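All remarks here apply to the structure that follows.
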Amino acid sequence: MSEFSAELEEILALTASPNVDGNRTLAYSKLLCLQGRSSDNPSSIRALGESCGSILPHLVSDIPADDEEIAALALKCLGFMIYHPMIVAVIPGNVAGEVLASIAEVARTTKMKLVCNLGMWCISMQQLDEEAIRGHFQLLVMAVVHAIDNPFGSLSTTFEAFQAVIKLVEQTDQMMRESSDLWLPPTYRRLLSDDKRARDMAVRCLLKIKPTVIPPTLMLFKAVRIDLKDSLLLKMKEMIKDGYKVQAVQAWGWLIRLLGNYATKDRHVFNDMLKVLESAFLDSDPQVQIASQVAWQGLVEAVIPPLLTGKEKDMGKQTPDREKFTLDVGESRINVRSACFDTWSILLHKLHTLVNHQAIRTVVLKPVFEVVYLEAIPNEIAAFCHSQFDFYLEVIEMLIGVPQAAVIGGRRDIECAAAIRILRSLLQVIQMDLKTYSDKYDDIMASVKSILSFVKHISEDRDSNETRQMVLHFIRAISQELEPSFLVSPLYKVTLDIKYMDQLNLVEDARHAEKLPIHCFSFGDMVCPMAYMVILYFNVLFQLNQSISDAKSLEEDVSKFVRIILSSDGWSENLAIVTTFFYGHLDLACVNLWKAVALGLRDILDGQNSSSSVQLVSACQSTIVHFLTYPVQAVAFHTNNVESHRDALKEFLPSIRKDLNQNNIGGVWVSLFAAISKADIEDSFGNSCRDILCLTLNDFLQRNAVRLVVAESNSNLVTHLLSLFGIMLTSVLELILTNEVYANGRPIWTGGVLPVTLRFMELLMADAAAVCPNLQDLNSRVLDSLGRVAQRINSKQDVLLFIEIFSDPLALWLSQTKSSWSDCILQKLEQLSFKALRCSTRSQPKIEFNSSLLKVQARLLEQTLRHSKQSISDPAVGLWNSTYGVQTNLDYPKTLLPILDSLWRSDRIYLGNVRGMHQTMTMTRNRTSKRVELAAPDHSSKQMARKKQKGTELTEHQKEVRAAQLGRSMDCEGRGPGVRTYTILDFSQGNEDSQEAGTSE
């Protein structure tokens, strides 16, 4: 701070000294740098404010200097002093006025362009109070007019002058209006300039000050009228002749507004003005037509009020005739037609209740209505200006609200078609706004909110199926006309104010919040337009579904809508919204709606190429899984609430039963799952939908175990639920059977489907099958599919998992054979049991049949080895002898010991090196020991031994003994090389030649 004060003192000293050797230039340069550095430092600004009493007089005295550099630097420093609020606050009022007057005088009288520009810049930047401006207002206006007239021919001067005008209008609105006849003429004259930049600057200035100068004062009208007579009318005609039609028409629109309601006081000037615009209406250039319509809006705003006082007949003279209007609407581009209807709507608002006057109605309403309802009109009706949305929405509501008795021929087709066409036109305006980057965000949002609120209002306030169907048409039109990327954009959010949302509670029991979350919406949430629209659509659809008789046509409409919202950008978000809606309605009535949505989703996936389908499925696996499991979730929700939902069950259970019996719902589910799986298999990364689906189904069975208990009150519903679940499960199992590997060669992993299959089998093998005999067929199908899976799998991972999961349950079912089971089920169960044992022999890489694996298979072996049916026991014995029977050092489970003992003593199984009891006793009685001293190895004996051993696999113990015989190592009793010691039991495991080989040695 001390350094800043020192610099400030130096500047004050330089300004106080005579201007010798550029002292002033140096002082003002340093001051300008000091101001720039201190702009964000309150203490420095405060110091500058305290010194302004000493600095301002020198700055004011130097701005008229003949030296351009000194004058320019002084104005720049002065501009900062009168702009910064902290410095302005300490400048006395009389000093501020003198400063402003000095700046205005210099800007008006200087011969230097830079000084004039900086003077206007100071006026446009100053933050002085109104009192300081009022005292020198005339001088400021004269300076501004001088700069706008631009004596230097510089656009920068014009620009700074317009900025000064805008600033003075903000500070002294009323005074500027009263003096507008002095400073506005040079501004509107610029509208007819040959320089486009000057025209654009004038238009921007007029847009800023329009509320102040329009409607015009009488003095301004007189000034404009004089200019028109003297030069402006001629200038506009010349511009039209030279091809500058759009520019001339745009200037015409501003000038007619500046004439205001005084325009008809001078009929000669007014008629000349109309003649200028007349040719523009019939011009073939669409841009000229649009400019003419916008200019005509200015005429409506200016002259309609005086014409309402008994001069209705004159309306025909100031309104484009029907032929022109029809030409614009029927043959030109949509932008022209939009301008036509925009002008028409402004005219109707201006006329207000006088629109009912016969003369006005004939001139204003009849031509437009005839054009709108002409049968030959193109499908894309004219779009409307978004500023008049409310008016056209009222027209739509009027059309759909016509009483049935008033409809011609008792049909509402014409009215409904017209309402949809008008709505589509409004939507086209929004779509054009989205493509026009200059349009304001607030305007777009206001239009979107107006349309969504209108559709919601219609759906909530009109309780009839006819109106609900209209609402569905409206929502479908929105989804078709607006870009999907806009509808799902997070930038355009609206409040979810649908009444139904206030009553909707997602059933928590049906959600997988921890593993697979789905999004919940609440009343008052901010959501994208697509979310709002889809929720409203399905809300109305749900109400309509409960009362409509033609459900088939309704399902077709739903499928069409689903194909629209799922075939565009953001489809995964749309599917998530639809799925969330369904989980908010766990109702049997919605199962048919689910079927319609599923058909639409299936068609989308089938119609995509493989890479697109993979991308779609992988993008929203959790949502797809939730959607797939909705039917069983909805039915399960009612199984434990039969009494509270008795009416709903009475109404919808027959249709659900019919769909299940005809395999409608199940068939749709299977076809959708096939389409999803086709893309899912080709995706070689991450978890698959099938795996997630299996985990979800398993969790469903676990959470709904109580609901799936069959009782007399709910047997029908549980039967249908189990049947539907069985269809889902067998579809997944069939997928394993029909697709051996993924696209990249990875083996199918069955880890997801096996646990859920076991849990489902436990339900079917329990009392459910006894209470519901028709589940026997389902049970048989699941057992058959599972058996074929056991035959198909060969990877070590899958085989071990299959054995671990199913060994104990199969043993339990074999031990609890029930009389209620059919012969088919018993046969499938027996086959599955053997296949579960047999699959271990096909493992790649091979499985080691050790004690750990034996412990896992013990219970199943216990039931199969001792089974009363030879068709089960004989294959089990054969499997034992080829696997565990050839192993040594096994730890046999205690539960197997009695069975193994019985089978071993009856010579049916092998136990490692030990044969059956009878054979072992015979061999023991003839047991001998032989010792042979060996001095040197005999090579011929070795070759003979190799021949004897060829084709015979030796155990580890046999290999050890044989090595001792050949003198290569110590034997089991520590004897060294050259000593052959063995017994017949050493080679008793299926190797009768071993003893002979030893003897021959």
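Some points to look at:
- Scanning the stretch 884-894 for residues that are open to solvent by 60 Å² or more (accessible area, probe 1.4 Å) and at pLDDT 90 or above turns up 891, 892, 894.
- Some residue of the stretch 809-822 being within 24 Å of residue 725 (Cα to Cα) and under 47 Å from the mean Cα position of the chain (by Cα): yes
- Residue 759 being modelled with pLDDT of 80 or more, basic (Lys, Arg) and open to solvent by 20 Å² or more (accessible area, probe 1.4 Å): yes
- In the stretch 154-168, residue modelled with the lowest pLDDT [restricted to those that are within 22 Å of residue 251 (Cβ to Cβ) and open to solvent by 10 Å² or more (accessible area, probe 1.4 Å)]: 155
Residue-by-condition table, conditions (1) in contact with an Asp or Glu (Cβ under 9 Å, 6 or more places away or on another chain); (2) without any contact (Cβ under 8 Å) to a residue 60 or more places away in the chain; (3) over 28 Å from residue 169 (Cα atoms):
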| position | (1), (2), (3) |
| --- | --- |
| 204 | no, yes, no |
| 207 | no, yes, no |
| 259 | yes, yes, no |
| 266 | no, yes, yes |
| 280 | no, yes, yes |
| 287 | no, yes, yes |
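Yes/no per residue for (1) open to solvent by 30 Å² or more (accessible area, probe 1.4 Å); (2) farther than 25 Å from residue 89 by Cβ; (3) touching a strand residue (DSSP E or B) at 6+ places or on another chain (Cβ under 6 Å); (4) part of a helix (DSSP H, G or I):
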| site | (1), (2), (3), (4) |
| --- | --- |
| 7 | yes, no, no, yes |
| 11 | no, no, no, yes |
| 15 | no, no, no, yes |
| 30 | yes, no, no, yes |
| 44 | no, no, no, yes |
| 47 | no, no, no, yes |
| 51 | no, no, no, yes |
| 58 | yes, no, no, yes |
| 64 | yes, yes, no, no |
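- Matching entry among 855, 828, 818 (being assigned to a helix (DSSP H, G or I), modelled with pLDDT under 90 and under 20 Å from residue 758 (Cβ atoms)): 828
- Under the condition of being in a helix (DSSP H, G or I) and closer than 19 Å to residue 42 by Cα, the residues counted in the stretch 78-116 number 8.
- Residue selected from the stretch 874-913 under the condition in a helix (DSSP H, G or I) and within 60 Å of the chain's Cα centre (by Cα), by the criterion farthest from residue 847 (Cα to Cα): 895
- If the condition is being open to solvent by 10 Å² or more (accessible area, probe 1.4 Å), more than 14 Å from residue 735 (Cα to Cα) and in a helix (DSSP H, G or I), then the stretch 792-805 contributes 796, 797, 800, 801, 804, 805.
This table checks each residue for (1) under 57 Å from the mean Cα position of the chain (by Cα); (2) modelled with pLDDT of 90 or more; (3) open to solvent by 40 Å² or more (accessible area, probe 1.4 Å).
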{"position": "96", "(1), (2), (3)": "no, no, no"}
{"position": "129", "(1), (2), (3)": "yes, no, yes"}
{"position": "145", "(1), (2), (3)": "yes, yes, no"}
{"position": "185", "(1), (2), (3)": "yes, yes, no"}
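- Answer residue from the stretch 545-561, given it is touching a helix residue (DSSP H, G or I) at 6+ places or on another chain (Cβ under 6 Å), surrounded by fewer than 21 Cβ atoms within 10 Å (Cβ to Cβ) and not polar (S, T, N, Q) and is modelled with the highest pLDDT among those: 555
- Within the stretch 444-472, the set of residues being open to solvent by 20 Å² or more (accessible area, probe 1.4 Å) and over 17 Å from residue 395 (Cα atoms) comprises 446, 449, 460, 463, 464, 465, 466, 468, 469.
- Any hit, the stretch 430-443, residues being within 18 Å of residue 394 (Cα to Cα) and surrounded by fewer than 21 Cβ atoms within 10 Å (Cβ to Cβ): no
- Meets criteria (part of a helix (DSSP H, G or I), closer than 23 Å to residue 482 by Cα, open to solvent by 30 Å² or more (accessible area, probe 1.4 Å) and not hydroxyl-bearing (Ser, Thr, Tyr)) for residue 564: yes
- The lone exception for residue 103 - which of (1) open to solvent by less than 10 Å² (accessible area, probe 1.4 Å); (2) modelled with pLDDT under 90; (3) not polar (S, T, N, Q) it fails: (2)
- Inter-residue pairs, beta-carbon under 6 Å, first over 11 Å from residue 865 (Cβ atoms) and in the stretch 892-911, second open to solvent by 60 Å² or more (accessible area, probe 1.4 Å) and modelled with pLDDT of 90 or more, 6+ apart: 893/855
- Criterion violated by residue 257 - all others in (1) touching a helix residue (DSSP H, G or I) at 6+ places or on another chain (Cβ under 6 Å); (2) open to solvent by 50 Å² or more (accessible area, probe 1.4 Å); (3) under 22 Å from residue 211 (Cα atoms) satisfied: (2)
- Cβ pairs under 7 Å, 6+ apart, first in the stretch 71-86 and open to solvent by 40 Å² or more (accessible area, probe 1.4 Å), second assigned to a helix (DSSP H, G or I): 76/32; 76/118; 83/125; 86/45; 86/46; 86/49
The values are calculated or read from the model by the stated rules, or taken from the named source; none is laboratory data. Keep in mind that what you see is a predicted model, and the values were worked out from it rather than measured. For neighbour counting, all protein chains shown are included, and Cβ atoms are generated from backbone atoms with ideal geometry for every residue, glycine included. What goes into the accessible areas is simple: the full protein's heavy atoms, side chains included, and nothing from ligands, DNA or RNA. Shrake-Rupley method; radii C 1.70, N 1.55, O 1.52, S 1.80 Å.
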